[in-house]
Amino acid sequence: NGNGGNEGTPQNTDNNSGDSSTPTDPRDCTRTGFEAGQEIADTDGSNYFYRAMQGTETLYDMLSVNSFAQWNGPSAPGTYSLDGINYKDCGLCLRMYSDCDGENCAKMYYASEGSVEISSIGAQGTLFVASMNNVVFKESIFADDFTSSDVANGEIWCLEEYSFSQEFGAGITGD
């Protein structure tokens, strides 16, 4: 599984599922954009993690980018497609969470459309620099085996462009 058990994220118990095989029309987006207030990047030497939050300490949305070595996630600069990859199989895994309160999030989203261009990735003390292009996060549920399924009539969160540059191991930055 692509998750590798590295994300301690809340569970969503909604059991509806949808079809993620058709590319998303931008007009179908129910949410757009993301503006990070706080960011953090970390690595254990072979896996890479980036988290960003927007909102307040008590109610926030979170963006999560993970590269898992054991699932052939990126460890070098390049452009990586997200198209058609299920969460259980991803090496480069992008998720969003909305309306989080520190213990639970109202909704979870998974990106299986778009691409990520990584300009820099490496050891602690180096920068994790990446740009997302036309990334589409669909409201999803996640089975115990990490299989992702779209929620029927769920929200679609589109990031036409999003970039970050964060030092690995620098701790939380931002407001």
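Might you check whether a residue that is farther than 20 Å from SER149 by Cβ and either open to solvent by less than 40 Å² (accessible area, probe 1.4 Å) or assigned to a loop (DSSP other than H, G, I, E, B) (or both) occurs anywhere in the stretch 80-87? No, that holds for no residue.
Search the stretch 89-100 for residues being charged (D, E, K, R) and either over 24 Å from GLY45 (Cβ atoms) or in a strand (DSSP E or B) (or both), and hand back the single one that is farthest from the chain's Cα centre (by Cα).
Taking the stretch 89-100 first, the residues charged (D, E, K, R) are 89, 95, 99.
Now restrict to residues that are either over 24 Å from GLY45 (Cβ atoms) or in a strand (DSSP E or B) (or both): 95, 99.
Details: ARG95: 3, ASP99: 15 Å.
Per the stated criteria, the residue is ASP99.
The residues of the stretch 46-86 that are touching a residue at least 60 places away in the same chain (Cβ under 8 Å), under 11 Å from the mean Cα position of the chain (by Cα) and over 17 Å from SER115 (Cβ atoms) amount to a single one, ALA52. If you go through the stretch 120-136 and keep only what is open to solvent by less than 20 Å² (accessible area, probe 1.4 Å) and out of contact with any Ser or Thr (no Cβ under 7 Å at 6 or more places or on another chain), you end up with GLY122, MET132, VAL135.
Contact map, the stretch 135-146: residues that are on the phi > 0 side of the Ramachandran plot paired with residues that are surrounded by fewer than 23 Cβ atoms within 10 Å (Cβ to Cβ) and assigned to a loop (DSSP other than H, G, I, E, B), Cβ distance under 6 Å, separation 6+ or inter-chain. Pairs shown: PHE146/ASN1; PHE146/ASN3.
One residue alone among GLU139, GLU103, GLU117 is in a strand (DSSP E or B) and open to solvent by 20 Å² or more (accessible area, probe 1.4 Å), and that residue is GLU117.
From the list GLY102, GLY125, GLY91, pick out the single residue that is of a type outside the set (Ser, Thr, Tyr) and more than 18 Å from GLU39 (Cα to Cα). Even if it seems obvious, please write down each step before you answer.
Working: GLY102 fails: more than 18 Å from GLU39 (Cα to Cα); GLY125 fails: more than 18 Å from GLU39 (Cα to Cα).
Unique residue meeting the criteria: GLY91.
Taking TYR110, is it in contact with a helix residue (DSSP H, G or I) (Cβ under 6 Å, 6 or more places away or on another chain) and either β-branched (Val, Ile, Thr) or closer than 18 Å to CYS158 by Cβ (or both)? Answer is yes for this residue. The residue pairs whose first member lies in the stretch 150-170 and is in contact (Cβ under 8 Å) with a residue 60 or more places away in the chain and assigned to a strand (DSSP E or B), whose second member is open to solvent by 50 Å² or more (accessible area, probe 1.4 Å) and basic (Lys, Arg), and whose beta carbons are closer than 6 Å, counting only pairs six or more residues apart or on different chains, are TRP157/ARG31. Out of all the residues in the stretch 38-62, which are surrounded by fewer than 16 Cβ atoms within 10 Å (Cβ to Cβ) and under 23 Å from ALA123 (Cβ atoms)? Result: ASP44, GLY45, SER46.
The values are calculated or read from the model by the stated rules, or taken from the named source; none is laboratory data. Only a predicted model underlies this, so the values are computations on that prediction, with no experimental measurement involved. Neighbour counts are summed over all protein chains in view; Cβ atoms, including those assigned to glycine, are modelled from backbone coordinates with ideal geometry. These accessible areas exclude ligands, DNA and RNA; they are computed on the full protein's heavy atoms, side chains included. Shrake-Rupley method; radii C 1.70, N 1.55, O 1.52, S 1.80 Å.
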